[in-house]
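I have placed the structure first, in the form of C-alpha coordinates, so that the comments after it can refer back to it.
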Amino acid sequence: MNAVIAEVNKNAIGEIRQIAYATWPVSYKEMISSSQIDYMLEMMYSEQSLREQFANGVRFLIASIDGKPAGFAGVVPKEDSKDIWRLEKLYVLPASQSKGLGKLLLDEVIKMVSEAGAGILELNVNRNNRALQFYRNMGFEIHEKVDLAIGGGFFMNDYILRKKVS
(Lines give C-alpha, C1' and ligand atoms only; values in the text may rest on other atoms or scores of the structure.)
Protein backbone atom coordinates (compact mmCIF):
# COMPACT_ATOMS: atom_id res chain seq x y z
CA MET A 1 0.00 0.00 0.00
CA ASN A 2 1.42 3.34 -1.08
CA ALA A 3 -0.21 5.65 1.48
CA VAL A 4 0.51 9.32 2.05
CA ILE A 5 -0.95 11.28 4.97
CA ALA A 6 -1.08 15.06 4.89
CA GLU A 7 -2.70 17.80 6.90
CA VAL A 8 -5.21 19.67 4.75
CA ASN A 9 -7.06 22.98 4.77
CA LYS A 10 -10.64 23.89 3.92
CA ASN A 11 -9.90 23.35 0.22
CA ALA A 12 -10.23 19.62 1.00
CA ILE A 13 -13.84 19.87 2.22
CA GLY A 14 -15.10 18.12 -0.92
CA GLU A 15 -12.79 15.16 -0.36
CA ILE A 16 -13.75 14.91 3.31
CA ARG A 17 -17.45 14.96 2.41
CA GLN A 18 -16.98 12.34 -0.30
CA ILE A 19 -15.28 9.92 2.12
CA ALA A 20 -17.83 10.56 4.90
CA TYR A 21 -20.84 10.05 2.63
CA ALA A 22 -19.34 6.82 1.20
CA THR A 23 -18.34 5.47 4.62
CA TRP A 24 -21.15 6.30 7.04
CA PRO A 25 -24.01 4.30 5.47
CA VAL A 26 -21.80 1.18 5.40
CA SER A 27 -20.18 1.68 8.81
CA TYR A 28 -23.30 2.57 10.78
CA LYS A 29 -26.11 0.63 9.08
CA GLU A 30 -26.11 -2.03 11.84
CA MET A 31 -26.02 0.53 14.69
CA ILE A 32 -28.31 3.42 13.87
CA SER A 33 -31.23 4.09 11.54
CA SER A 34 -30.74 5.44 8.04
CA SER A 35 -32.64 8.57 9.09
CA GLN A 36 -30.14 9.12 11.93
CA ILE A 37 -27.24 8.54 9.53
CA ASP A 38 -28.69 11.17 7.17
CA TYR A 39 -29.28 13.59 10.05
CA MET A 40 -25.75 13.20 11.43
CA LEU A 41 -24.09 13.45 8.01
CA GLU A 42 -25.87 16.75 7.40
CA MET A 43 -25.06 17.95 10.93
CA MET A 44 -21.35 17.10 10.78
CA TYR A 45 -20.43 17.02 7.11
CA SER A 46 -22.38 19.75 5.36
CA GLU A 47 -20.06 22.23 3.67
CA GLN A 48 -21.10 24.87 6.23
CA SER A 49 -20.42 22.55 9.19
CA LEU A 50 -16.97 21.62 7.90
CA ARG A 51 -16.11 25.28 7.28
CA GLU A 52 -17.07 26.01 10.90
CA GLN A 53 -14.97 23.08 12.12
CA PHE A 54 -11.91 24.38 10.29
CA ALA A 55 -12.58 27.88 11.68
CA ASN A 56 -12.87 26.41 15.20
CA GLY A 57 -9.45 24.80 15.04
CA VAL A 58 -10.20 21.24 13.97
CA ARG A 59 -7.12 19.94 12.17
CA PHE A 60 -7.81 17.47 9.37
CA LEU A 61 -5.55 14.84 7.88
CA ILE A 62 -6.30 13.00 4.65
CA ALA A 63 -4.79 9.63 3.83
CA SER A 64 -4.37 8.94 0.13
CA ILE A 65 -3.53 5.67 -1.58
CA ASP A 66 -1.88 6.01 -4.97
CA GLY A 67 -2.93 9.67 -5.03
CA LYS A 68 -6.63 9.00 -4.27
CA PRO A 69 -8.18 10.12 -0.94
CA ALA A 70 -9.12 7.02 1.06
CA GLY A 71 -9.54 8.20 4.64
CA PHE A 72 -9.42 11.16 6.97
CA ALA A 73 -9.09 12.16 10.60
CA GLY A 74 -10.03 15.31 12.47
CA VAL A 75 -8.51 16.31 15.81
CA VAL A 76 -8.86 19.36 18.04
CA PRO A 77 -7.75 20.49 21.51
CA LYS A 78 -10.50 19.87 24.06
CA GLU A 79 -12.14 23.16 25.06
CA ASP A 80 -11.80 22.75 28.81
CA SER A 81 -8.32 21.15 29.01
CA LYS A 82 -5.01 21.97 27.36
CA ASP A 83 -3.73 18.45 28.16
CA ILE A 84 -6.52 16.62 26.28
CA TRP A 85 -7.15 16.58 22.55
CA ARG A 86 -10.21 15.00 20.92
CA LEU A 87 -10.17 12.75 17.91
CA GLU A 88 -13.43 13.97 16.40
CA LYS A 89 -13.33 11.83 13.25
CA LEU A 90 -11.47 8.90 11.76
CA TYR A 91 -12.94 7.23 8.69
CA VAL A 92 -11.53 5.03 5.95
CA LEU A 93 -13.39 4.14 2.76
CA PRO A 94 -14.90 0.63 3.02
CA ALA A 95 -12.73 -0.67 0.14
CA SER A 96 -9.59 0.53 1.96
CA GLN A 97 -10.45 -0.79 5.44
CA SER A 98 -8.46 -3.56 7.17
CA LYS A 99 -5.29 -2.56 5.32
CA GLY A 100 -3.63 -0.52 8.08
CA LEU A 101 -4.75 2.91 6.89
CA GLY A 102 -6.73 3.66 10.07
CA LYS A 103 -3.67 2.81 12.16
CA LEU A 104 -1.49 5.09 10.01
CA LEU A 105 -3.97 7.95 10.45
CA LEU A 106 -4.22 7.35 14.20
CA ASP A 107 -0.43 7.18 14.56
CA GLU A 108 -0.15 10.54 12.79
CA VAL A 109 -2.84 12.05 15.04
CA ILE A 110 -1.04 10.76 18.15
CA LYS A 111 2.22 12.29 16.89
CA MET A 112 0.44 15.63 16.27
CA VAL A 113 -1.15 15.62 19.75
CA SER A 114 2.12 14.68 21.45
CA GLU A 115 4.04 17.39 19.57
CA ALA A 116 1.43 19.90 20.78
CA GLY A 117 2.35 18.95 24.34
CA ALA A 118 -0.91 17.22 25.26
CA GLY A 119 -0.86 14.01 27.24
CA ILE A 120 -4.23 12.44 26.42
CA LEU A 121 -6.16 11.68 23.25
CA GLU A 122 -9.91 11.21 23.74
CA LEU A 123 -12.66 10.06 21.38
CA ASN A 124 -16.27 8.92 21.30
CA VAL A 125 -17.24 5.61 19.74
CA ASN A 126 -20.68 4.02 19.43
CA ARG A 127 -20.92 1.22 22.00
CA ASN A 128 -21.82 -1.27 19.23
CA ASN A 129 -19.19 -0.11 16.73
CA ARG A 130 -16.69 -2.76 15.65
CA ALA A 131 -14.10 0.06 15.67
CA LEU A 132 -14.23 -0.18 19.47
CA GLN A 133 -11.95 -3.22 19.24
CA PHE A 134 -9.58 -1.35 16.93
CA TYR A 135 -9.25 1.47 19.44
CA ARG A 136 -8.78 -0.94 22.35
CA ASN A 137 -6.04 -2.70 20.36
CA MET A 138 -4.43 0.72 19.87
CA GLY A 139 -4.25 1.25 23.65
CA PHE A 140 -7.44 3.22 24.35
CA GLU A 141 -9.42 2.49 27.50
CA ILE A 142 -13.06 3.19 28.32
CA HIS A 143 -13.26 6.39 30.35
CA GLU A 144 -17.01 6.93 30.44
CA LYS A 145 -20.34 5.65 29.05
CA VAL A 146 -22.58 8.42 27.65
CA ASP A 147 -25.95 8.86 25.94
CA LEU A 148 -25.91 12.19 24.12
CA ALA A 149 -29.00 13.86 22.67
CA ILE A 150 -27.95 15.31 19.31
CA GLY A 151 -31.26 16.78 18.14
CA GLY A 152 -33.94 15.46 15.83
CA GLY A 153 -34.96 12.99 18.55
CA PHE A 154 -31.67 11.11 18.06
CA PHE A 155 -29.04 9.97 20.56
CA MET A 156 -25.43 8.87 20.38
CA ASN A 157 -24.94 5.87 22.67
CA ASP A 158 -21.17 6.03 23.07
CA TYR A 159 -18.15 5.21 25.10
CA ILE A 160 -15.62 7.96 25.66
CA LEU A 161 -12.21 6.37 25.22
CA ARG A 162 -8.87 7.78 26.30
CA LYS A 163 -5.23 7.01 25.62
CA LYS A 164 -2.10 8.51 27.14
CA VAL A 165 0.08 9.81 24.33
CA SER A 166 3.15 11.22 26.08
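Descriptive notes on the structure:
- Some residue of region 95-111 being of a type outside the set (A, V, I, L, M) and within 17 Å of Lys82 (Cβ to Cβ): no
- Figure legend. Inter-residue proximity from region 29-57: first residues closer than 16 Å to Val8 by Cβ, second residues among the polar types (S, T, N, Q) and modelled with pLDDT of 95 or more, beta-carbon distance below 9 Å, spacing 6+ or different chains. Indicated pairs: Phe54/Asn9.
- The number of residues in region 98-133 that are closer than 14 Å to Lys163 by Cβ and of a type in the set (Lys, Arg) comes to 2.
- The listed residue being among the charged types (D, E, K, R), assigned to a helix (DSSP H, G or I) and on the phi < 0 side of the Ramachandran plot, out of Glu122, Glu52, Glu79: Glu52
- The numbered conditions (1) of a type in the set (D, E, K, R); (2) buried (at least 16 other Cβ atoms within 10 Å of the Cβ); (3) part of a helix (DSSP H, G or I) are all true for Asp158 except (3).
- Checking Val146 against (1) surrounded by 14 or more Cβ atoms within 10 Å (Cβ to Cβ); (2) among the aliphatic types (A, V, I, L, M); (3) at pLDDT 95 or above, the condition it does not meet: (1)
- Residue in region 130-151 that is more than 15 Å from the chain's Cα centre (by Cα), in contact (Cβ under 8 Å) with a residue 40 or more places away in the chain and part of a loop (DSSP other than H, G, I, E, B) present: no
- Region 71-127, subset closer than 22 Å to Leu41 by Cα and of a type in the set (Ser, Thr, Tyr), residue surrounded by the fewest Cβ atoms within 10 Å (Cβ to Cβ): Ser96
- The one condition from (1) in a helix (DSSP H, G or I); (2) within 24 Å of Phe155 (Cα to Cα); (3) among the hydroxyl-bearing types (Ser, Thr, Tyr) that Ser114 does not meet is (2).
- Selected residue (only one of Asp66, Asp107, Asp80, Asp158 is closer than 24 Å to Gln36 by Cβ, over 12 Å from the mean Cα position of the chain (by Cα) and among the acidic types (Asp, Glu)): Asp158
- One residue stands out among those in region 5-30 that are modelled with pLDDT of 95 or more and outside any helix (DSSP H, G or I): the one that is surrounded by the fewest Cβ atoms within 10 Å (Cβ to Cβ), which is Asn9.
The values are calculated or read from the model by the stated rules, or taken from the named source; none is laboratory data. As the structure is a prediction and not an experimental result, all values here were calculated from the model. Backbone-built Cβ (ideal geometry, glycine too); neighbour counts: all protein chains shown.
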